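Following: one structure in structure tokens, then a few remarks.
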Protein chains: 4
Amino acid sequence: MSFRKKLYIIIFGTDTPAGKAFDVGLLIAILISVLAVMLESVYSINQRYGIFFKYLEWFFTVIFSLEYIVRIYVTDKRRRYIFSFYGLIDLLSLLPTYLSFFFAGTQYLLIIRAMRLLRVFRILKLGRFVGEGEQLGRAIKASRHKITVFMGTVLMLVIMLGTVMYLVEGRENGFSSIPLSIYWAIVTLTTVGYGDIAPQTILGQTIASFVMILGYAIIAVPTGIVTVELQKDQNKQKEKACLKCASKGHDSEALFCKFCGEKLPV
Amino acid sequence: MSFRKKLYIIIFGTDTPAGKAFDVGLLIAILISVLAVMLESVYSINQRYGIFFKYLEWFFTVIFSLEYIVRIYVTDKRRRYIFSFYGLIDLLSLLPTYLSFFFAGTQYLLIIRAMRLLRVFRILKLGRFVGEGEQLGRAIKASRHKITVFMGTVLMLVIMLGTVMYLVEGRENGFSSIPLSIYWAIVTLTTVGYGDIAPQTILGQTIASFVMILGYAIIAVPTGIVTVELQKDQNKQKEKACLKCASKGHDSEALFCKFCGEKLPV
Amino acid sequence: MSFRKKLYIIIFGTDTPAGKAFDVGLLIAILISVLAVMLESVYSINQRYGIFFKYLEWFFTVIFSLEYIVRIYVTDKRRRYIFSFYGLIDLLSLLPTYLSFFFAGTQYLLIIRAMRLLRVFRILKLGRFVGEGEQLGRAIKASRHKITVFMGTVLMLVIMLGTVMYLVEGRENGFSSIPLSIYWAIVTLTTVGYGDIAPQTILGQTIASFVMILGYAIIAVPTGIVTVELQKDQNKQKEKACLKCASKGHDSEALFCKFCGEKLPV
Amino acid sequence: MSFRKKLYIIIFGTDTPAGKAFDVGLLIAILISVLAVMLESVYSINQRYGIFFKYLEWFFTVIFSLEYIVRIYVTDKRRRYIFSFYGLIDLLSLLPTYLSFFFAGTQYLLIIRAMRLLRVFRILKLGRFVGEGEQLGRAIKASRHKITVFMGTVLMLVIMLGTVMYLVEGRENGFSSIPLSIYWAIVTLTTVGYGDIAPQTILGQTIASFVMILGYAIIAVPTGIVTVELQKDQNKQKEKACLKCASKGHDSEALFCKFCGEKLPV
């Protein structure tokens, strides 16, 4: 096996000890670099250790740049990797630091630096979490049309409610425009309730009470949808047969047949 | 096929390409006109572009008026359309602009203009969302008696709790009347928690703690109800046979038999 | 049939038209009298119409007194009625007005006047809501041990969290005692979030974040419990046989056999 | 049976009347001592009864010390008890008072004193709550991987959202650092909504609206997970056979076979 092939298995694979060690090391590097982004934004910390964070950022950028180059070097389908979701994120998370070299006021690149977190998902694609994650994903995917219908109805509701409250409460009670009133309706219906805008008139408080009780009751709907889909997915998995030994009754999060060890069909 | 018949299929139908294009165009027109109503209410925007929004409103009113007239022209059962739910909403969403011509201070007509949104539901009555929406509707309809019992109990609870808190906290702590205390109880039980009224005495805070834990626990009840109804609905659908090939085991959101393509009974 | 017997059927029964009319009349009287209690507490309304509410209260007290006397008169098991739950509430809801005749400062009797609402439950014990209510009741009763275990764990958690936050935030940030910190922990864990007490230190906000995510996640537990119990109850009902025709498969909220009309066993 | 053996049964056992009485007594002592810790922290109470609470604390410390010594005396596997979870808590809950004898400013030992509450769990390990608690525990344990996946996704989400909001709202609107913005994102996503930090710009409020609706919708996920696991656990229990009479169909919370009274396998 060539050196390049070996490196490929370490960097892209997750089954060998070296591959696992690489993943864990990368995970730690990503988490520290994101933590640095966060701490740098704290005024008092930035005042004192600003220079240190600058160096740390360059240190991680160089490491991630090397990693990116090696990834391109070892992979066979280079174009495919570069333009893949994770390939683009790998590149994007490097650019901000280099760009800050040429342009001033690049604070908006912070978001891109925080996007490094998305790289964590690739690394976590190992072990027993895959089956669980896939099961959740399937249930959410199966619920998407029902959730869309539900969300659309909720959206219409808050637009109507926002318009009504704008007229009932008016500018003098903080409901200074329909969009702001819709914002209030969302804050109330979802039971967040900041309290920065709150109804003052009796009629407004009565309507608000109905909105709250409504919000309290309709949260049951998405919950019911997801629960039923999860249940359904599980039943379907139970009915699925192993392609090798034809056995049934596998758990919904199982990846391998429990009788013959064969990989189960998705 | 007469011109009137063709127009009918375009305007009321959803299956032809022309019908779909008409629906999408109407959908966009409605959404823009509602967005205009919202933006017009923002003080700074209204100051600058007030005249523009006036013109836009007249533009959409004329378009919707034409659409309303054509709808009456092409339909065979005119009286039925005019007095149907959507017919009345079609008419209502036109009136505010014309009325503002004759009367001043017609800001309350804003609500009616926002009601245009309800027209979206007619347009969305297409494609795969129908089955999903119907399934949700059936589950909610089947839960209505249980939800009523639950809501009635919650209503009694908040009235009792409001009365108790009015006496415990009293006027000096912001619980200035029983209705306002009931409003507080609803805000707390539904876990919205604005914080504009909050208990100050130790006894009041103790009672409030019980209310919160209660609210936290009883949210389980409507959720359980809807989940069970959704599950039940699904099982019922599974048992339902296709009228053509008598096959069973159809998904609850299926509209057509998966074996012979026949429309399934509702 | 004696006049007393006839009166008994009207007052205690719900199946005859006269009985139904009596129940509806009583329901309206109770709701108006409770509404009067509420409105009387509003300062501006009390200032203007205070005398009117006094008279209204006496009017309803006399009516309910008459009703109470008639109830005792028509029933055979007088002692049993008087000391039953509803009998005591019937009496209790009369006393406050009479007591206000002899004592001043009887505002605390307000709560007892609001307890009249409990009488509504007796009247609502009719029609299709019984089966639904009973089903909910059974599910909640079956969940009570699990809910107790859950609640006990939550209680311990908030006591621990309250103590920790009292030390972390301290008096200067509003966490002025352990009971108040526990109150804060309950407000946060149940996702009510008034905002009257909120952590100011970084450590405090970090702990608070964990509390919130915990509260967000563990709400799943009571919901799961009630859902499973409702499902279980329904399955049990399905398996239950009619005592007359031995048919099975009845809905969980059914009161009568759908094949022979016999009352189903509870 | 030796005196030591008898004492062992009373102190560690729960089945004899004496054992039950001991447990109840200990439970009351623990609850009073924790209540004392709480009340002592209230400034006004501490000012007046400070000395009394000092004595009470010493009184309970002596009692719990005696109990600890007796526990060591009666048990056969001393080392095992001392280093067991409950053994360590028994010791820890004594130390603070003794340490306060030697060191000043030991207020941080309060937390350890509050940890006495954990001892309650040992005592509650009796009666019908065991089965229920175990069932809940199994369901939560079975959900742990899915909950981890869910929580990880939520954590990433709030970090991203916090970074975005820090840039959108900025220091002047209270989002003074990324960690604080993440704190805000958690407060909002979990629908707690203190309102101490709230978006002021239109873009910020729009993003916040999406966060709220997201938080409102994704609460369905952990709920669905736990519900399905509880259901699954129940079905599994139903299929489990009694080791003595081989009967099936036992309730998930049952500890004993309902046909022959044999203890069921866990």
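The values are calculated or read from the model by the stated rules, or taken from the named source; none is laboratory data. These figures come from a predicted structure and were not determined experimentally. Cβ: placed from backbone, ideal geometry, glycine included. Neighbour counts: every protein chain shown. The protein model used for the area step is the full one, side chains on, heavy atoms only, and it has no ligands, DNA or RNA in it. Shrake-Rupley method; radii C 1.70, N 1.55, O 1.52, S 1.80 Å.
Numbers below:
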read-out: Estimated buried accessible area (total), pair A and D, 1.4 Å, Å² to nearest 100; value: 4200
read-out: Cα-based Rg of the protein assembly as shown normalised by 2.2 N^0.38 Å, two decimals; value: 1.06
read-out: Mean Cα-pair separation over length for chain A, i.e. relative contact order, pairs under 8 Å, 6 or more apart, %; value: 13
read-out: Neighbour net charge for residue D:81 - beta-carbon separation under 11 angstrom, K R +1, D E -1; value: +3
read-out: Cα centroid separation, the range C:162-192 to the range B:197-266 (Å); value: 36
read-out: Taking the C-alpha atoms of the range A:3-125, convex hull volume expressed per residue in Å³; value: 111
read-out: Computed accessible area, residue D:100, all protein chains, 1.4 angstrom probe, square angstrom; value: 60
read-out: Cα Rg over Rh - the range A:133-212, Kirkwood; value: 1.14
read-out: Value of Rg to Rh for the range D:143-266 (Rh from inverse mean 1/r over Cα pairs, i.e. Kirkwood); value: 1.32
read-out: Listed residue pairs exceeding 27 Å between alpha carbons, taken from D:146/D:244; B:146/C:248; A:146/D:146; value: D:146/D:244
read-out: Aspartates and glutamates whose Cα lies under 12 Å from that of residue C:141, excluding same-chain neighbours fewer than 8 positions away; value: C:229, C:233
read-out: The range D:172-236: Rg to Rh, with Rh as the Kirkwood radius over Cα pairs; value: 1.20
read-out: Kyte-Doolittle at least 0.0, axis length at least 18 Å by Cα - qualifying DSSP helices, chain C; value: C:17-40, C:43-74, C:129-169, C:202-218
read-out: Inter-label distance, nm, simple model (7 Å from Cα along the C-beta direction), residue A:173/residue C:236; value: 4.7
read-out: Alpha-carbon centroids, the range A:5-76 and the range B:1-44: separation in whole Å; value: 52
read-out: Candidates C:239, C:172, C:229: whichever shows maximal mean-square fluctuation once chain C is modelled as a Gaussian network with Cα springs under 10 Å; value: C:172
read-out: Accessible area of the protein assembly as shown divided out per residue, in Å², using a probe of 1.4 angstrom; value: 49
read-out: Across the identical copies, how the residue A:76 labels are spaced - nm, sorted shortest first, 7 Å along Cα→Cβ; value: 6.5, 6.6, 9.3
read-out: Cα pair distances in chain A, grouped into 5 Å bins until the bin that holds the longest one, percent each; value: 1, 5, 9, 10, 9, 9, 10, 12, 12, 10, 7, 4, 2, 1, 0, 0
